[in-house]
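Presented below is the structure to which this report refers.
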Amino acid sequence: MLLTVKTLATRLQINASTLYAWAAQGRIPCIKIHGLLRFNSEEIDRWVESFRVDSTPQLPHSKRSRGSRVGLDVLIARAKGQAYNSAPRGNQTQSSPIGKETIDGAM
């Protein structure tokens, strides 16, 4: 059975303009018949099922282990240290191409 944009928009509870955008981007299976968009209901059912999220219960945020967060904090601190404390790399040069600062005693 083929669905119209209006019917599918109502069924998915989204705006018709969203369906037009998704169809133009190739994000939703559709058929174009003489410029009119139609959607195969069986293909749409499979497409919707592809978004199903695993319903495994999760621990509340406050009870989760902070081990991974601590590891992330260490990684961030290490990256900051390398970025701010490392020697010049690549095309980083002195501010003057001739090194005049050292000659004038500015450094």
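Worth a mention:
- Looking only at residues of the stretch 10-21 that are in a helix (DSSP H, G or I) and over 20 Å from the mean Cα position of the chain (by Cα), we find that the one that is surrounded by the most Cβ atoms within 10 Å (Cβ to Cβ) is 19.
- Some residue of the stretch 48-59 being β-branched (Val, Ile, Thr), in a loop (DSSP other than H, G, I, E, B) and at pLDDT 95 or above: no
- The set of residues from the stretch 22-54 being of a type in the set (A, V, I, L, M), loosely packed, with under 12 Cβ neighbours inside 10 Å and under 26 Å from the mean Cα position of the chain (by Cα) comprises 24, 53.
The values are calculated or read from the model by the stated rules, or taken from the named source; none is laboratory data. Keep in mind the model is a prediction, meaning the values are calculated, not measured. As a convention, Cβ positions derive from the backbone with ideal geometry for all residues, glycine included, and neighbour counts pool all protein chains shown.
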